[in-house]
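**Student:** Have a look at this one before I ask anything.
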Amino acid sequence: MTLKRSDFRFFHRLRVRWAEVDMQKIVFNAHYLMYFDTAITDYWRAVALPYEEAMHHLAGDLYVVKATVEFHASARMDDQIEVAMKCSRIGNSSLTFTGAIFRGDEHLISGEIVYVFADPATQSSRPVPQALRDILLGYEAGEPVFTVDTGDWAALGVGAQAVRTEVFVQEQRIPKELEHDSADLTAVHALVRNRLGQALATGRLIPSGTPGVSQLGRLAVKRVLRGSDLGKQVLLALVAAARARGDREVMLHAQHSAIGFYDRLGWQRRGDVFEEAGIPHQEMFLPL
């Protein structure tokens, strides 16, 4: 089966490592299945589904029943390769994913993985939920897999608080009384939700105390979906809200580990690193 890059919209990029090759520096055959499996993990992120939470919501889980690999040419040590995946067929209870591994435009490997949707307790098959069917077919057709809403606490607070509690209180161990404050009631909030209605990312915009300057904060993305562009979407939505009301600048206190994220989006650093809630922060700003 010969496939082209244009057959896919999802690509997972990686570099072949020393531990994955034999004495001739050719990838061991078994590793290609690992590459496809890793790409499937990122595919769920691409469709904005936190896998474990989403499957619990759908009252099922996916189990591999068949996996095939077809070899056309070998990947070698230090190759930059791309693993392409698509959901190519949805049956009554099965999902078929077609994969291809490319080195540039050269098609090296084809693969197919068939899953069955089943009851996690009994592992007996059950129909693929319509919601999951719609998400996967919609993604392959180029439809958006999440929405970004801005609004007040009354409209978005339940979802925003759930994400913030998971990220700040449970993961980063920030005291709950420091995470939630009265500014939430007057802030502009942004909330990202997937097509299951699950809250995935959030942030808020409050006055900074300086006329014409807003402060962006409480930016949080569920851990399993970080790196999937959701934080950027929250940021863009809140910057747009600040611009729409005539602000001249947006500033924020970036956690030290997130400075690179803001750097890449054109934010500028100001002042020295300082501690907030026991975590190093850097003030950053964006002229509007």
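Coordinate-derived values only; no laboratory data. No experiment lies behind these values; they were computed from the predicted model shown. Reconstructed Cβ throughout: ideal geometry from the backbone, glycine too, with neighbour counts over all protein chains shown.
**Student:** Contour minus end-to-end for A155 and E140, with contour as 0.36 nm per residue of separation and end-to-end as the Cα-Cα distance?
**Tutor:** 2.3 nm
**Student:** Still on this model: Take the Cβ-Cβ distance between S257 and R15 as r, set R0 to 22 Å, and report the resulting FRET efficiency rounded to the nearest 0.05.
**Tutor:** 0.40
**Student:** Where a Cα-Cα gap under 19 Å defines reach, which lysines qualify for K4, not counting those fewer than 8 residues away within the same chain?
**Tutor:** K4 reaches K86.
**Student:** Let me ask something else about it. Could you point to the residue in A244, N29, V148 farthest towards the positive end of the chain's charge dipole, with +1 and -1 charges on the Cβ of Lys/Arg and Asp/Glu respectively?
**Tutor:** Positive-end residue among those listed: A244.
**Student:** If you build a Gaussian network model of the chain, linking Cα atoms that sit under 10 Å apart, which residue out of D79, D61, D272 swings the most?
**Tutor:** Fluctuation is largest for D272.
**Student:** In segment 15-73, if every C-alpha pair distance is counted and binned at 5 Å from zero, what percent goes to each bin?
**Tutor:** Percent of Cα pairs in each bin: 4, 13, 20, 20, 15, 12, 9, 5, 1, 0.
**Student:** If each of Q170 and R270 carries a label point 7 Å out from its Cα toward its Cβ, how far apart are those two points in nm?
**Tutor:** 3.5 nm
**Student:** Once both labels are modelled 7 Å past Cα along the beta-carbon direction, what's the T41-T2 spacing in nm?
**Tutor:** It works out to 3.4 nm between the two label points.
**Student:** Multiply the residue gap between H31 and D78 by 0.36 nm, knock off their C-alpha separation, and tell me the result in nm, one decimal place.
**Tutor:** 15.5 nm
**Student:** Using Stokes-Einstein with the Kirkwood hydrodynamic radius over Cα pairs, what translational diffusion coefficient do you get for segment 5-140 at 25 °C and a viscosity of 0.890 mPa s, in µm²/s rounded to a whole number?
**Tutor:** Here the translational diffusion coefficient equals 156 µm²/s.
**Student:** So how strong a dipole does the chain carry about its Cα centre when Lys and Arg Cβ are +1 and Asp and Glu Cβ are -1, to the nearest 20 debye?
**Tutor:** Magnitude of the dipole: close to 420 debye.
**Student:** Return the ratio Rg/(2.2 N^0.38 Å) for segment 146-287, where Rg is computed over Cα atoms only.
**Tutor:** In units of the globular-protein estimate, segment 146-287 measures up at 0.97.
**Student:** Here's a follow-up. Which order results if L178, L49 are arranged by neighbouring Cβ count within 10 Å, fewest first?
**Tutor:** Sorted ascending by nearby Cβ count, the order is L178, L49.
**Student:** Further question: Restricting things to alpha carbons, tell me how big segment 116-216 is in terms of Rg and Dmax, in Å.
**Tutor:** According to the Cα coordinates of segment 116-216, Rg and Dmax are 18.3, 61 Å.
**Student:** Please list, ordered by chain and number, the residues whose modelled amide H lies under 5 Å from the amide H of S93; skip anything fewer than 5 residues away on the same chain.
**Tutor:** Placed amide hydrogens put V128 under 5 Å from S93.
**Student:** Count the net charge of all other residues whose Cβ sits under 14 Å from the Cβ of Q170, scoring Lys and Arg as +1 and Asp and Glu as -1.
**Tutor:** Result for the neighbourhood of Q170: +1.
**Student:** Would you mind telling me which residue in I26, I206, I81 has the biggest mean-square fluctuation in a Gaussian network model of the chain, where springs connect alpha carbons within a distance under 10 angstrom?
**Tutor:** Result for the chain, Cα springs under 10 Å: I26 fluctuates most.
**Student:** Please give the FRET efficiency for S125 paired with D105, using the beta carbon to beta carbon distance and R0 = 30 Å, rounded to the nearest 0.05.
**Tutor:** According to the calculation, E is roughly 0.20.
**Student:** In whole Å, largest first, what are the principal axis extents of the Cα atoms in the chain?
**Tutor:** Largest first, the chain extends 63, 44, 34 Å along its Cα principal axes.
**Student:** Could you please rank E179, E143, placing first whichever residue has the fewest other Cβ atoms within 10 Å of its Cβ?
**Tutor:** E143, E179
**Student:** Calculated from DSSP H runs of 4 or more alone, at -39500 (n - 2.57) each and per residue, what is the 222 nm mean residue ellipticity of the chain, nearest 500?
**Tutor:** Calculated mean residue ellipticity at 222 nm is -7500 deg cm²/dmol.
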